[in-house]
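The next block holds one structure in the form of structure tokens; read it before the comments.
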Amino acid sequence: MPRKLSRLVQPPRWAKWVYGFLFILFATHLLLILKYVPDIPIMDEWDIWYAWDTKGFWTWLFDRHNEHMVVPTRLHMYISTLLFGAHPTFLVFTSFFFYGALLFSCFQFFRWAVPERAPATMAAFMIFLLSALPIHNHISGFHSQFHFVLLFLMLALPRLFGELLTRMDCVWGVGLLALMLVSFSTGPAQALATLAVFALYWWKKRKDTRSFRRAIGVCLFVGFLTGLWLAGHHRLAYHPLPANPFTTAFNSFFVNLVSFGFGLDTQNTTVGCFTLLFIVIPAFGLLFSSHNDGRSLAILAGIGAIFGAIATIAYGRGNSGPEFAKGSRYGEIALLLIPLVLCAWSRWLNVSHVTYGRLASAFWCVLFIFFLNSWTARGYRIRYRDSLEGIECLKQRPADGGFICQSLYPRSLRGHFDRISRGNAAFLRGLGKDASSANTTSQEHAW
């Protein structure tokens with residue numbers, strides 16, 4: 001269907017109110033970051049900052065952090081430090097703009113995949129993606145890794161599932177999938193799921209021999225890069241044993257994380273199964289319908305990639321218990337199922353605009369009820385409290401530097417503090433002033 005068709009869809013009267021409310025929500029998060037995120041690193045950020053001086057830049061850039069390769073996040077940290085100094089607040093602030101880019105890519109994907117429906121429909125559902133459900137990823141700049149691995153996926157799908165596969169499509173597709181691989185540990189599963197649907201699509205279109213040969217090249221190249229990533233992976237001894245697929249631990253974690261993406265924060269495997277069914281029905285409907293063109297298969301590839309990411313997390317964390325499936329960090333990945341399932345139902349249902357509007361409104365109202373507990377600034381306030389405790393701990397550190405500040409880092413900060421001090425980090429230069437002027441009680445109020 002031509003791209004011009006999306007311009008012919010008359011925007012609903014409420015569209016401007018939705019866009020305005022989205023802007024207010026986005027700006028509110030930015031203001032909360034400035035208010036509640038003091039200029040001090042937290043947790044994994046201590047491991048990364050100025051480590052390029054001790055390891056060498058290229059070794060540091062591609063080094064694994066736990067089981068993750070986080071190249072874009074490391075670049076974000078390095079470039080921001082080079083240009084503006086080591087400011088954790090600035091890192092968190094700019095990281096949220098990458099999340100904004102992810103939201104915009106979801107909006108653009110809907111316009112491309114479902115051009116016959118008003119784009120404002122997607123905008124209305126993006127309100128839930130600006131809730132506090134993934135708050136953990138908005139209070140630490142290091143967690144931009146979650147934004148990047150999802151952003152590169154959404155950008156790659158339209159390139160890979162067009163009517164033709166041009167050379168530039170191949171370059172962009174391979175490049176974006178390669179960046180996805182080195183953004184977070186879910187990248188390989190997302191890449192393999194995307195490639196599986198991509199191969200199916202171009203096998204169906206193999207009469208276009210030029211595009212088909214290019215598709216084979218994309219599969220081989222990305223498959224090779226995925227193999228390299230897997231060859232360098234090893235399980236860490238201090239992590240729990242993985243939960244093998246088809247075990248109760250894996251399945252319970254998987255469906256609970258799926259339901260968490262729809263705002264359901266209670267542990268209930270049955271509810272998770274019904275949520276999974278709500279996603280699978282339109283997916284299979286698209287697969288076996290006459291509308292299974294490139295746009296439909298791109299939606300399926302996106303759903304498959306998110307399922308692959310959730311399966312990766314369930315494999316690595318499933319034995320920790322289903323309660324960990326309701327973790328805010330992983331919630332961002334499951335949240336992406338909302339725009340994807342909206343695309344799937346919108347594409348599959350062949351109903352009038354009036355009927356479609358009523359169904360979309362009903363779905364939105366149900367989600368609104370599910371997300372009632374997800375509108376709070378508690379995560380920001382906790383980050384503020386922990387940071388103030390950490391600042392006081394740093395001020396009282398012993399002369400040998402062998403100290404532990406639990407609210408900032410679970411182990412001794414001695415080596416990290418020495419390394420960062422040699423780098424003359426900006427947040428250390430202002431540490432005393434920031435700590436003395438902070439007032440905990442004045443900041444403790446609700447959003």
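The values are calculated or read from the model by the stated rules, or taken from the named source; none is laboratory data. Since the model is a prediction, treat every value here as computed from it, not as a measurement. Cβ sites come from the backbone with ideal geometry, for glycine too, and all protein chains shown count toward neighbours. Side chains are part of the model used for accessible areas, which takes the heavy atoms of the whole protein and leaves out ligands, DNA and RNA. Shrake-Rupley method; radii C 1.70, N 1.55, O 1.52, S 1.80 Å.
Tabulated results
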{"item": "Selection within the range 109-123 - outside any loop (DSSP other than H, G, I, E, B) and touching a Leu at 6+ places or on another chain (Cβ under 9 Å)", "result": "109, 110, 112, 113, 121, 122, 123"}
{"item": "Condition check for residue 290: of a type in the set (Gly, Ala, Ser) and at pLDDT 90 or above", "result": "no"}
{"item": "Within the range 169-278, helices (runs of 4 or more DSSP H) holding 2 or more residues that are in contact with a Lys or Arg (Cβ under 8 Å, 6 or more places away or on another chain) and among the β-branched types (Val, Ile, Thr)", "result": "none"}
{"item": "Selection status of residue 307, touching a Leu at 6+ places or on another chain (Cβ under 9 Å), on the phi < 0 side of the Ramachandran plot and open to solvent by 30 Å² or more (accessible area, probe 1.4 Å)", "result": "yes"}
{"item": "Extreme residue, most open to solvent (accessible area, probe 1.4 Å), among residues of the range 234-283 that are touching a residue at least 60 places away in the same chain (Cβ under 8 Å) and among the aromatic types (Phe, Trp, Tyr)", "result": "278"}
{"item": "Residues (surrounded by 14 or more Cβ atoms within 10 Å (Cβ to Cβ), of a type outside the set (Val, Ile, Thr) and within 15 Å of the chain's Cα centre (by Cα)) located in the range 55-100", "result": "68, 69, 72, 95, 96, 98, 99, 100"}
{"item": "Residue in the range 144-161 that is in a helix (DSSP H, G or I), farther than 19 Å from residue 110 by Cα and open to solvent by 20 Å² or more (accessible area, probe 1.4 Å) present", "result": "no"}
{"item": "Flag if residue 208 is of a type in the set (Asp, Glu) and within 19 Å of residue 299 (Cβ to Cβ)", "result": "no"}
{"item": "Subset of the range 233-249 that is at pLDDT below 70 and of a type in the set (A, V, I, L, M) - its residue that is farthest from the chain's Cα centre (by Cα)", "result": "237"}
{"item": "Some residue of the range 328-336 being assigned to a helix (DSSP H, G or I), open to solvent by 20 Å² or more (accessible area, probe 1.4 Å), among the charged types (D, E, K, R) and farther than 30 Å from residue 85 by Cβ", "result": "no"}
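For (1) open to solvent by less than 20 Å² (accessible area, probe 1.4 Å); (2) assigned to a helix (DSSP H, G or I); (3) modelled with pLDDT of 90 or more, each residue gets a yes or a no:
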| position | (1), (2), (3) |
| --- | --- |
| 338 | yes, yes, yes |
| 354 | no, yes, no |
| 357 | no, yes, no |
| 367 | yes, yes, yes |
| 386 | no, yes, no |
| 397 | no, no, no |
